[in-house]
Amino acid sequence: MQYLRKYLIAAILLFSAVAGWSQSLLIPMDDAQKDHLKSYGIAFWSLQKEHTVDWLLNYRGGSFMSKYDKKLEDECKVRGVSYELLSDGQAAEIITQINDPSVNMDVVKLEKAPRMAVYSPKEGLTPSDDAVILVLKYAEIPFDLIYDNEILKGDLPKYDWLHLHHEDFTGQFNKTGRGNSPKFKEDKALQEITAHKYGFQKVSKMKLAVAQRIREFCAGGGFLFAMCSGADSFDIALSAVNTDIVDEIYDGDPYDPKAQSKLDFSQTLAFQNFNVGLGDLTRQFSDIDVTHTRKVDQQHDFFTLFDFSAKWDVVPSMLTQNHERVIKGFKGLATAFNKDKLKPSVTIMGELKTANEARYIHGEYGKGRWTFYGGHDPERYTYNTNDPPTDLALHPNSPGYRLILNNVLFPAARKKKQKT
């Protein structure tokens, strides 16, 4: 009996010793993190290796935690991402703290790497300075470029996540025709070739069909993310399904003078009751965007992220994870959205409190979700087409770029019902 007792004690001690070596790896996302942007790439890499990742909402800036793996630790070292090794006891303490009903934290399990696509031309005028393309490449998150050809051929259902670059879905080529520049001529010629290939007489009709396919993708459960003019021009194109808002310089015939009264706001995702900019003399697509009317200088141009309940409003909590709550503003073809033009169902996640503008918005459509983010580049206040692309190695902790990457990881989350 005494021998058996000694054997059991030895076995317990051995088990405890082995358990003590079991570890978790924490990627902190507060100010202790050297490279916030590449941290998302590490989380995505883990999902690609079929390892689950716990996203710790509101814990140290929205940190990531996984079971320890030597390859994961090595990958963090190679990419320059800060990490901490935890014993099982320490990891359990963190989970206990997060699960406390009195704290605004939660754990979301990320399970599968989403299939990523960026809607962008593959030839000609490729927007190499697109913020999403830049940050996906910097974070080493793989994606496919798809454009009108692929969408019209029916390839979109292959993907879980789609980003719309600064596209003009109205078929007005960002209203750059009056200058008749070589860039405008090239863009127009390339897009007309594609339109005619698929039986469309006008680029505007092709873009409408593409926008409708993208809307169907979202309705079927896809996740849509758009920045700058990719957001407002998308809804404008959908609303103009029964009319012509495009001037003669772009499609060969004048716009419908009664176009405004024929807009159908039931077709849109986010915006309603807006007025479109008809004619070539105005560069403004509509009064959704406040770029031309806002009176905010750079010194005061900041927007604030809303604080959502992580345990109750899980989705917006994921999309607003950050180590900073006040984000510096930045301009674009569409800088910010007029709050008076938002549909009641839209969730505002970031706004400029001193003005009537939303910068970061989200909503549901069918089985899917969408997020629109105003502005062109979170680390460049103004944008000029001749400027070189932003070097994100100089901005590894950018809170503005973090908002993009929150959307990248969102489709990987185990779905929870939103409680409000």
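Say whether the condition of being open to solvent by 40 Å² or more (accessible area, probe 1.4 Å) and either touching a residue at least 12 places away in the same chain (Cβ under 8 Å) or at positive phi (or both) is met by at least one residue in the stretch 222-239. Outline the logic, then answer.
Going through the stretch 222-239, the residues open to solvent by 40 Å² or more (accessible area, probe 1.4 Å) turn out to be none.
No.
Y119 is checked against (1) more than 30 Å from T385 (Cβ to Cβ); (2) in contact with a strand residue (DSSP E or B) (Cβ under 6 Å, 6 or more places away or on another chain) and fails just one. What number does that condition carry?
Just one mismatch for Y119, condition (1).
Could you grab me the full set of residues in the stretch 357-399 that are more than 20 Å from G41 (Cβ to Cβ), surrounded by fewer than 16 Cβ atoms within 10 Å (Cβ to Cβ) and of a type outside the set (D, E, K, R)?
G366, Y381, T382, N384, T385, N386, P388
Considering each residue of the stretch 266-283, count those that are within 26 Å of T371 (Cα to Cα), open to solvent by 20 Å² or more (accessible area, probe 1.4 Å) and in contact (Cβ under 8 Å) with a residue 60 or more places away in the chain, and give that number.
3
Somewhere in the stretch 278-293, is a residue of a type in the set (D, E, K, R) and under 30 Å from R325 (Cα atoms)? Full working, then the answer.
To start, the set of residues in the stretch 278-293 that are of a type in the set (D, E, K, R) comprises 280, 283, 287, 289.
When the remaining residues are screened for being under 30 Å from R325 (Cα atoms), the result is 287, 289.
Yes, the stretch 278-293 contains a residue that is of a type in the set (D, E, K, R) and under 30 Å from R325 (Cα atoms).
Read through the list (1) open to solvent by less than 40 Å² (accessible area, probe 1.4 Å); (2) farther than 14 Å from A139 by Cβ, then give the number of the only condition that A43 fails.
Unmet for A43, out of (1) open to solvent by less than 40 Å² (accessible area, probe 1.4 Å); (2) farther than 14 Å from A139 by Cβ: (2).
List the residue pairs whose Cβ atoms are under 9 Å apart, where the first residue sits in the stretch 72-94 and is free of Cβ contacts under 8 Å to residues at least 24 places away in the same chain, the second is in a loop (DSSP other than H, G, I, E, B), and the two are 6 or more positions apart or on different chains.
As it stands, the answer is K77/Y83, since those pairs meet every condition given.
Identify all residues within the stretch 167-189 that are open to solvent by 60 Å² or more (accessible area, probe 1.4 Å) and part of a helix (DSSP H, G or I); write none if there are none.
Passing the criteria: P182, K183, K185, E186.
Only one of T385, T335, T347, T291 is among the polar types (S, T, N, Q), under 17 Å from the mean Cα position of the chain (by Cα) and closer than 28 Å to Y255 by Cβ; which?
T335 is the lone residue from the list that is among the polar types (S, T, N, Q), under 17 Å from the mean Cα position of the chain (by Cα) and closer than 28 Å to Y255 by Cβ.
Can you pull out every residue in the stretch 73-106 that is part of a loop (DSSP other than H, G, I, E, B) and either under 20 Å from D30 (Cα atoms) or open to solvent by less than 80 Å² (accessible area, probe 1.4 Å) (or both)?
Passing the criteria: G80, V81, S82, Y83, D100, V103, N104, M105.
Please work out which one of (1) among the small types (G, A, S); (2) part of a loop (DSSP other than H, G, I, E, B); (3) out of contact with any Phe, Trp or Tyr (no Cβ under 7 Å at 6 or more places or on another chain) is the condition A113 fails and give its number.
A113 satisfies all of (1) among the small types (G, A, S); (2) part of a loop (DSSP other than H, G, I, E, B); (3) out of contact with any Phe, Trp or Tyr (no Cβ under 7 Å at 6 or more places or on another chain) except (3).
Among the numbered criteria (1) open to solvent by less than 20 Å² (accessible area, probe 1.4 Å); (2) not in a strand (DSSP E or B), which single criterion is violated by H196?
Of the numbered conditions (1) open to solvent by less than 20 Å² (accessible area, probe 1.4 Å); (2) not in a strand (DSSP E or B), the odd one out for H196 is (1).
For the stretch 294-321: of the residues being surrounded by 20 or more Cβ atoms within 10 Å (Cβ to Cβ), of a type outside the set (A, V, I, L, M) and assigned to a helix (DSSP H, G or I), which is farthest from the chain's Cα centre (by Cα)?
The extreme case among them is S317.
So which residues in the stretch 163-193 are within 24 Å of the chain's Cα centre (by Cα) and closer than 19 Å to H376 by Cβ, if there are any at all?
Once the filter is applied, which keeps residues that are within 24 Å of the chain's Cα centre (by Cα) and closer than 19 Å to H376 by Cβ, the stretch 163-193 yields H163, L164, H165, H166, E167, D168, F169, T170, F173, N174.
The values are calculated or read from the model by the stated rules, or taken from the named source; none is laboratory data. No experiment lies behind these values; they were computed from the predicted model shown. Note that we place each Cβ from the backbone using ideal geometry, even for glycine, and neighbour counts take in every protein chain shown. These accessible areas exclude ligands, DNA and RNA; they are computed on the full protein's heavy atoms, side chains included. Shrake-Rupley method; radii C 1.70, N 1.55, O 1.52, S 1.80 Å.
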